Structure formats: C-alpha cells, structure tokens
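Worksheet: the structure to be examined is printed underneath.
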Amino acid sequence: MTGVRLGAEDVDAFLTGLALLGSGGGGDPYTYRHALRTALADAELVLHDPEELGDAPVVPVGMLGGTRMLTEKLPGGQEIPRAVHALTRWTGTEPAALMPFEAAGLNGALAASAAAQLGLPLVDADLMGRAMPRMDQVTRAVGGGAVTPFAMAEPSGQTLLVDSATPTGLERLARSFVAQSGGWAGSAMVAAPASEASTDACLGTLGRALLLGRAHRELPDKPEPERVAGALGGQLLGVGRAVDISRQRSTSFGRASITVLGKSGGVLRLEAENEFLLALLDGQPVASCPDLICVLDRRRATPIAVDSLRPGDDLIIVVLPGPVWWRATPERLRHVDPRAFGLGCDAVLLPTRAPRSAPVPPAPGSARSAPVAR
C-alpha cells in the first residue's frame, strides 16, 4: 500500500473500514471523525510502507481502557502527544513515525489523527491486524519483542511510565491504571526500527481499511446480502433477526452470546467478548477469530458493535479474511484462536491468498462451504 493517501474526503470511508476491521469491537472510530477531518483539511496523510523508512524509529500508539468512557470523560486531544513526549524523554529516542496498536476501530482513527497533529509520517501497519482486547496479543509481544518502556497519559493529566514489564504484566498494570484514573488513557509503546515491521507487524492494514470503506461506500441502499459479502471480499454467514442476547461478566471484559434466527429457520449463534469471536450455524462452528466476523445492519449494511446489538435487530453476518500474520504458524494462531478466549473450539478460517477486493472462493471443509442461515 505504498503511497496511499488519506484525505478529508476519505474520512467516512476510512472510518467505516476501521469499524469492519474491529469485528464488533475496538471502539467507535466515528468519535474522531471531526478531529480527523480537521487534521486533514489542509493536507493529505500518506500511508507509508515500512520499507520507505528504513531503520527509522516508529512508535506504536493507541488508547487503552473502556472505549465507552470517552463519552463520559472526553478527550482533550493531547493524550497521545503527552504519552509520546513522556516516552521520548525517558528513552531519549525521538520518533520518526507513528503506527497504531491496532488498525481497527477507534485506535486506527486516533493514530491517524495523532500523526497529523504531531506532523509525523504514519506507517501502514499495526500490531494486531484487527481489534484485539489485550496487550499480550500484540504481534510484537507474541514474536518475543519488547513492549516496554510504555507511557500512558489520561485525560486529567496523570502520566504513567512503565520501564520494564512482561506483556501480561503490562496488561495488568495498564488496566489497573485506567481503572483508577478515569477509564481510559492515550498510550505509546517503545519505538522499534521500521524495518522490523516486516516480521513483527501486520502490513497494509490501514490501506485495507480504506479499501474496505470505499467498497462499502459504493453499495446501494438496502443491498442484497450476497452483494455486501462480495464487495467486502468475504463470505456470507447468515441473514436474520437477533432473538436473544445473553451478557455476563465471566471475564474482565464481559462475554456475550447472540442468537440469530435465520430467514429460513437456521440458527446462527455468535460468541463475543469485546469482539465477535466465534460463529456457529445450527451448532457447528463456521467462522472464528482471527478472521473478522462482522455483523451489519440489514437495511444500510453498517457495522454494529457487540455492545450495541439489541434483540430484534435485523442483521447480515459476514466473515472477512483475517490478518495473514496470525495464521503463519500454529504458535501464533493459538494466541488469538477461540481457545485463547476460553472457548472450546479450534480456529475455523477462510482460505488464504484471496484478493481483498473480491469474493473469497469456497473451499471444501472451510467456513466458505457452510450453509447460509436465511
């Protein structure tokens, strides 16, 4: 995606693509719609291939905490810059560019806004490839790289610098800090050379969000479900109405089970935490993380977040190919498959090497060959 440019006219499409990559989670990217339009009003933002930057230090940025808290504790706009400046003071390394923790949901929009605000290049890569809930699930941590020093700045002005911690230790510290200081914080992770992104990051993800959003923008009003899946380069899992939603706090993030009654009687059940994790059709697994299970409004095909779903919603459910990085080895996959979230199921993934802008061809034994609940 070298040289892809993001302008003010692309903001809505970009945000829609980020919502799709959120797979029901990652926070509402439209929170930063106005900020991003303002930042891009005078100049486009180039999405840089990491190879263009050589060994220049790149700082991953994002927010941690409850994304819904943003409506109660509003951002001042300086949380990411303060975290980046704190990290720079501690390490002595000036960042040459930024990249998002996750090129999905709120964090994708926030990284783009922060890059424009700080006048730094934005790298077209991220450390998750989609939305994930935990810091120990970033690609750098799974690959054995360092995630500290790590800086967090919350809206009231408090700043925390973690000099050294394991990924799981950082997750505990970060959650404790945001729980006691307002619910969320802007964050910056220790810089790494851009050249390392080829092995410890998911590439082209911001560009993918823009492509997905542009494809979505071309859909007509009340599009046919098959057309939606084809335009997004995915597979249609089902069309139906949410008839039951069970929510419980069995984990630190909460868990939800959504039952969708298909138009022709099939039953599709979705298991979710922050994001949609697993889809079962009449009791059989048909799709799972790290692929992207996307739940869309039937009338407008707009993405719906896990915590926004309500009984009676009329839905289209599609699955899009997830990041290639996670499925490259079994060791990587086990960090993000359903079992990593306490679900007793192996990953059920779409075929690889499919074009992002075209429908993924069916393959025997895959989610593509599963019947569609209608």
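The values are calculated or read from the model by the stated rules, or taken from the named source; none is laboratory data. Just so we're clear, the structure is a prediction, and the values are computed from it rather than from any experiment. Every residue, glycine among them, receives a Cβ derived from its backbone with ideal geometry; neighbour counts consider all protein chains shown.
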Collect the residues in segment 35-51 that are more than 27 Å from Met132 (Cα to Cα) and not in a loop (DSSP other than H, G, I, E, B), keeping them in residue-number order. Thr38
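Just to be sure before I move on: is Ala188 modelled with pLDDT of 95 or more, over 25 Å from Leu277 (Cα atoms) and not assigned by TED's automatic domain parsing to the domain that holds Arg334 in the structure I sent?
Values: modelled with pLDDT of 95 or more: yes; over 25 Å from Leu277 (Cα atoms): yes; not assigned by TED's automatic domain parsing to the domain that holds Arg334: yes.
Yes; evaluated as a whole, the condition is true for this residue.
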Can you pull out every residue in segment 74-95 that is outside any loop (DSSP other than H, G, I, E, B) and either under 19 Å from Ser156 (Cβ atoms) or in contact with a Pro (Cβ under 8 Å, 6 or more places away or on another chain) (or both)? Glu79, Ile80, Pro81, Arg82, Ala83, Val84, His85, Ala86, Leu87, Thr88, Trp90, Thr91
Do we find that Gly3 is touching a Phe, Trp or Tyr at 6+ places or on another chain (Cβ under 9 Å) and either at pLDDT 95 or above or surrounded by fewer than 19 Cβ atoms within 10 Å (Cβ to Cβ) (or both) in this structure? no
Subset of segment 276-302 [part of a strand (DSSP E or B), over 14 Å from Val239 (Cα atoms) and not β-branched (Val, Ile, Thr)]: Phe276, Leu277, Leu278, Gln284, Pro285, Ala287, Ser288, Leu292
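Which residue out of Ala242, Ala215, Ala229 is modelled with pLDDT of 95 or more, part of a strand (DSSP E or B) and among the small types (Gly, Ala, Ser)?
Ala242
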Which numbered condition trips up Gln117, out of (1) farther than 13 Å from Val61 by Cβ; (2) surrounded by fewer than 20 Cβ atoms within 10 Å (Cβ to Cβ); (3) in contact (Cβ under 8 Å) with a residue 40 or more places away in the chain? (1)
Can you tell which of Arg247, Arg214, Arg227 is farther than 30 Å from Leu280 by Cβ and either surrounded by fewer than 16 Cβ atoms within 10 Å (Cβ to Cβ) or of a type in the set (Lys, Arg) (or both)? Arg214
Taking Leu74 as meeting all but one of (1) surrounded by fewer than 16 Cβ atoms within 10 Å (Cβ to Cβ); (2) of a type outside the set (Lys, Arg); (3) modelled with pLDDT of 90 or more, write down the number of the exception. (3)
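Tell me the residue from Leu120, Leu106, Leu110, Leu98 that is at pLDDT 90 or above, of a type in the set (A, V, I, L, M, F, W, C) and assigned to a loop (DSSP other than H, G, I, E, B), please.
Leu120
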Checking the structure you have, find out if any residue of segment 246-259 is in contact (Cβ under 8 Å) with a residue 60 or more places away in the chain, closer than 27 Å to Asp221 by Cα and either assigned by TED's automatic domain parsing to the domain that holds Gly17 or touching a strand residue (DSSP E or B) at 6+ places or on another chain (Cβ under 8 Å) (or both). no
Result of the Cβ filter at 6 Å on segment 167-182, keeping first residues that are in the same structural domain as Thr139 (by TED's automatic domain parsing) and partners that are assigned to a helix (DSSP H, G or I) and aliphatic (A, V, I, L, M), at least 6 apart or interchain, is Pro167/Met135; Pro167/Ala141; Leu170/Met135; Glu171/Met135
Could you pull out the residue among Met128, Met152, Met132 that is more than 24 Å from Pro81 (Cβ to Cβ) and either aromatic (Phe, Trp, Tyr) or not assigned by TED's automatic domain parsing to the domain that holds Pro338 (or both)? Met132
